[in-house]
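The values are calculated or read from the model by the stated rules, or taken from the named source; none is laboratory data. Quick caveat, the model's predicted, so the values are computed rather than measured. Cβ sites come from the backbone with ideal geometry, for glycine too, and all protein chains shown count toward neighbours.
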Amino acid sequence: MDKLVLIDGHSILNRAFYGVPDLTNSEGLHTNAVYGFLNIMFKILEEEKADHLAVAFDLKEPTFRHKMYDAYKGTRKPMPEELHQQVDLMKEVLTAMGVPILTLAGYEADDILGTVARKSQLQGIDVSVVSGDRDLLQLSDEHIKIRIPKTSRGGTEVKDYYPADVEREYQVTPTEFIDVKALMGDSSDNIPGVPSIGEKTATSLIAAYKSIENAYAHLDEIKPPRARKALEEHYDMARMSKELATICTDCPVEFNYEDTRIDNLYTPEAYQYMKRLEFKSILSRFDASAMGDASASSLEDHFTLIRDETSAADVFARAAASGVTGLQLIIGTQAGAKAAKPEAAEQLSFSFDENGEVKAGKKAKSGLNPVTGLALCLGEEDIYCMAAGEKLSGEFLIRQVKALCALKPGSSHEVWVLNLKEMLPYLETGDTAPVYDGGVAGYLLNPLKDTYGYDDLARDYLGLTVPSRADLLAKADLGDALWNEDARAVTCACYMAYTVWKAAAPLTRQLKDTGMYGLYKEIEMPLIYSLYHMEQEGVKVERAELEEYGNRLKVRIVDLEQEIYRDTGKEFNINSPKQLGEILFEDMKMPGGKKTKTGYSTAADVLDKLAPDYPVVQKILDYRQLTKLNSTYAEGLAAYIGEDGRIHGKFNQTITATGRISSTEPNLQNIPVRMELGREIRKVFVPKEGCVFVDADYSQIELRILAHMSGDERLIEAYRSAQDIHAITASEVFHVPLGEVTPLQRRNAKAVNFGIVYGISAFGLSEDLSISRKEAVEYINKYFETYPGVKIFLDGLVSQGKEQGYVTTLYGRRRPIPELKSANFMQRQFGERVAMNSPIQGSAADIMKIAMIAVDRELRARNLKSRIVLQIHDELLIETAEDEIGTVKEILVDKMKHAAELKVSLEVEAEVGRSWFDAK
């Protein structure tokens, strides 16, 4: 038997909107409702194995099929703007997928669904109606299944209702369900119902009397008296509510069953929408025939494969004489490659694709993986993939690339690549070479995105939809695929070179238009080289000491376990939030328990409030920190120690929205410092023989930037007087002489000082200081009375963010803030905090980058042996030759202090030690 799936468009879109966390694409479009809708639709279609599909939507019409609809349903609350903008988008996506959209002026989607479902049932068709609205239960029949999905962060669950299911759950038949809703009313649908009659009473009345009319005919029998009186006085309202609640099943909607047949949802047009909306998981459903638009496909006619050195040399010669060139090295592991030479299997260390994914492997004799190819673009019809083989060696390609990238900047000579940092081991170029990274440019222009691959550049800057690396090769290594003569690898490589070449002009233009070109050329591009140098150096880790540290952690963890068991009176899984919540809030009767669907919340903010009064809670918090230290660092770091005894972590510049450098593989920026045992992990980081560590960090850089940017004279003077800023603030805020400030007052002032930088609320401050909300409000108000310029400055940042959609750092770095336009209050508040903090934190990040580049350059210019090995937040760690300590300290302090000229001085503290712990 044929199966037809009918979807209630607005209802499922609405349910998806509230069930899926807010998502936006690089254009700033909200996409969570569309994403959730599609996933529900795919799930239903796969479960039903249906061959017909249609979606019904309401039309925004002033007149409904009955005059009373204008008075009631016509006055429903408007949807949030973030959802409203997704309705037409959803229709466009469905149209691109070939899904019929059913609408009818004066009728709701419910009426259309009811009519189509009934007509189809009469034709012997099984129908599934998908809606989040229980109104549709009245349509339930032996051949009409009502499916109600519930979407949450954990996924989508669907409850099915045939007539027996409705009766089992609601104690009434589907038809009687209309009368239940009419009596109880529905505020979301503007159905008034009968005052004083709720769902329970309505259900019992209709279960007993089967209809409103029959219940009214037996008024004398109705109990309780309250319900009898309500129905008697509001019978006309009940009848009208029933008419409002009744779905029309004979509206004049045009419907052709054959038009709903599912042919192919995964069309090229739909593929382009999924690329634009950045639905990566959904893109995997499309096959190769849907990928790419016509203009992209025509590009492939100009993709040329080169396999000999003579032809390659000719292309390189033309590249050297041309203006802008798009270039991409292709490096492969050659693991198991059919065309690989016998010794190639020994050449495994790491490889990367265009997204910079690093894959570990056996260390190569040369320390580098072989170059298996190179893509080069000189123009619209000059797009080449050079594949290494018998007539074209990887060594030849490297020599040619080095020569091309070493050309001095002329009037127009530029080489554009993606992931330059990953190529530097092969290029050996200096940081003044005319080589530019398109991904870093894309990051500056929109730092909120997750990826900056070639397909992202094509979509965002060329208006072109091209197949991504994953589309073409899935998880296969690009270098290996090229070595194995896979035609898709040639296509992928050529797209990489072409898109970065073609995007160079719009990227440069937009960087200039937004005032970020100087930031790009003078900070971000040189930074690539400094980060590369730091990664190559790595930092030495004492493996034996790391193991001993882990053993100490384990001993303390076991001790804490026993203490917690003793204090709580029973053994349980401390790592289980459910068990822990029951122990604390049920067995021990602690206050503040927040019950969720899965049990009591035992999040850190909940336990932090209890810790001062309940010692066992502090032990639980300590236990959590120590177990994290053990798994993440004591055990985790060991996996990253290379054969040279050093960790060569990754430092990323296109991850954070603020501009800060992030650390991965491993993450060294989140080492807990509140606990002494946590800080001690730094003892395992040591300099090589003959060296010490010199550690330099900025003192209160963000507060100093706040003083500069706000121009508040009092705050500036506080810094110029070189006194304790927290004590001065305490003196001013609490109205006590500077010499009489107590440690508690200073500590509270410090929390206010740093809290202001992060846009802290009175609630947040009260939580941090364990004071009342009223006291926190007083603290903040006194702070702004003391430093009025700060208040004006921060309010101005929020206004700027709302007006322009972004805020900027001292160096012009933009931080978009779409949350400021959100209809959601919490989202807007978050946006306001971002607006206040990003210019300050981003400026601090810019200054640190400037300092890092300057220090790196100076160490190399003087031919010193000392090198930067770590950059963490406001701190630089230098592995320093013992005979260069004085020089390095001088360089560090000078370059860091003078990285920016502010209204207050930048202060730098430099310490020397035999370990990171000692130097810090």
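Structure summary
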| item | result |
| --- | --- |
| Selected residue [over 15 Å from C251 (Cβ atoms) and either small (G, A, S) or at pLDDT below 90 (or both)] from A109, A117, A96 | A96 |
| The one condition in (1) surrounded by 17 or more Cβ atoms within 10 Å (Cβ to Cβ); (2) assigned to a helix (DSSP H, G or I) that R747 fails to fulfil | (1) |
| Every residue from the stretch 384-414 that is touching a Pro at 6+ places or on another chain (Cβ under 7 Å) and either of a type in the set (S, T, N, Q) or more than 27 Å from E485 (Cβ to Cβ) (or both) | L407, P409, H413, E414 |
| Boolean, G124 is under 15 Å from S11 (Cβ atoms) and either part of a loop (DSSP other than H, G, I, E, B) or not assigned by TED's automatic domain parsing to the domain that holds N14 (or both) | no |
| Every pair of residues 6+ apart whose Cβ atoms lie under 8 Å, when the first sits in the stretch 504-519 and is in contact (Cβ under 8 Å) with a residue 12 or more places away in the chain while the second is surrounded by fewer than 19 Cβ atoms within 10 Å (Cβ to Cβ) and of a type in the set (A, V, I, L, M) | P506/L462 |
| Of all residues in the stretch 705-739 being of a type in the set (D, E) and modelled with pLDDT under 90, the one that is surrounded by the most Cβ atoms within 10 Å (Cβ to Cβ) | E732 |
| Whichever residue in the stretch 277-302 is farther than 17 Å from L473 by Cβ, loosely packed, with under 13 Cβ neighbours inside 10 Å and among the polar types (S, T, N, Q) and, among such residues, is modelled with the lowest pLDDT | S295 |
| Members of the stretch 464-506 that are more than 19 Å from E278 (Cβ to Cβ) and of a type in the set (D, E) | D477, D480, E485, D486 |
| Positions within the stretch 586-636 being of a type in the set (D, E, K, R), under 31 Å from the mean Cα position of the chain (by Cα) and farther than 19 Å from G678 by Cα, in sequence order | K594, K595, K597, D605, K609 |
| Some residue of the stretch 734-744 being over 14 Å from Y783 (Cα atoms), hydroxyl-bearing (S, T, Y) and over 35 Å from the mean Cα position of the chain (by Cα) | yes |
| Residues of the stretch 376-419 classified as assigned to a strand (DSSP E or B), under 14 Å from G326 (Cα atoms) and aliphatic (A, V, I, L, M), total | 6 |
| Out of V673, V692, sole residue that is touching a Ser or Thr at 6+ places or on another chain (Cβ under 6 Å) and either part of a strand (DSSP E or B) or surrounded by fewer than 16 Cβ atoms within 10 Å (Cβ to Cβ) (or both) | V692 |
| Strands (runs of 3 or more DSSP E) (entirely within the stretch 836-920) containing at least 2 residues that are within 23 Å of Y719 (Cβ to Cβ), in contact (Cβ under 8 Å) with a residue 24 or more places away in the chain and not basic (K, R) | 875-881, 908-913 |
| Every residue from the stretch 615-670 that is among the polar types (S, T, N, Q) and not in a helix (DSSP H, G or I) | N652, Q653, T654, T656, T658, S662, S663, T664, N667, Q669, N670 |
| In the stretch 427-445, residue farthest from R509 (Cα to Cα) [restricted to those that are in contact with a strand residue (DSSP E or B) (Cβ under 7 Å, 6 or more places away or on another chain) and surrounded by fewer than 22 Cβ atoms within 10 Å (Cβ to Cβ)] | T429 |
| Residue list for the stretch 88-132, restricted to those being acidic (D, E) and surrounded by fewer than 22 Cβ atoms within 10 Å (Cβ to Cβ) | D88, E92, D126 |
| Yes/no for L870 being under 35 Å from the mean Cα position of the chain (by Cα), among the hydrophobic types (A, V, I, L, M, F, W, C) and closer than 26 Å to L706 by Cβ | no |
| Helices (runs of 4 or more DSSP H) (entirely within the stretch 420-500) containing at least 2 residues that are within 25 Å of E395 (Cα to Cα) and more than 19 Å from the chain's Cα centre (by Cα) | 420-427, 478-483 |
| Residue ID - modelled with the highest pLDDT, chosen from residues in the stretch 577-596 that are over 16 Å from L621 (Cβ atoms), outside any helix (DSSP H, G or I) and touching a Ser or Thr at 6+ places or on another chain (Cβ under 9 Å) | G593 |
| Test: residue in the stretch 506-521 that is hydrophobic (A, V, I, L, M, F, W, C) and farther than 30 Å from R815 by Cβ | no |
| Condition broken by L765, with the remaining ones in (1) farther than 23 Å from I725 by Cα; (2) not in a loop (DSSP other than H, G, I, E, B) satisfied | (1) |
| Elements of type helices (runs of 4 or more DSSP H) contained in the stretch 149-237, each with 3 or more residues being buried (at least 16 other Cβ atoms within 10 Å of the Cβ) and within 44 Å of the chain's Cα centre (by Cα) | 163-170, 174-184 |
| Residue list for the stretch 756-785, restricted to those being more than 15 Å from I840 (Cα to Cα), touching a residue at least 40 places away in the same chain (Cβ under 8 Å) and crowded, with 19+ Cβ neighbours inside 10 Å | Y779, Y783 |
| Pair list, Cβ under 6 Å, 6 or more apart: the stretch 21-37 residue under 16 Å from E92 (Cβ atoms), other residue acidic (D, E) | N25/E278; H30/E82 |
| Given (1) closer than 30 Å to L424 by Cβ; (2) in a loop (DSSP other than H, G, I, E, B); (3) at pLDDT 90 or above, number of the condition L305 does not satisfy | (2) |
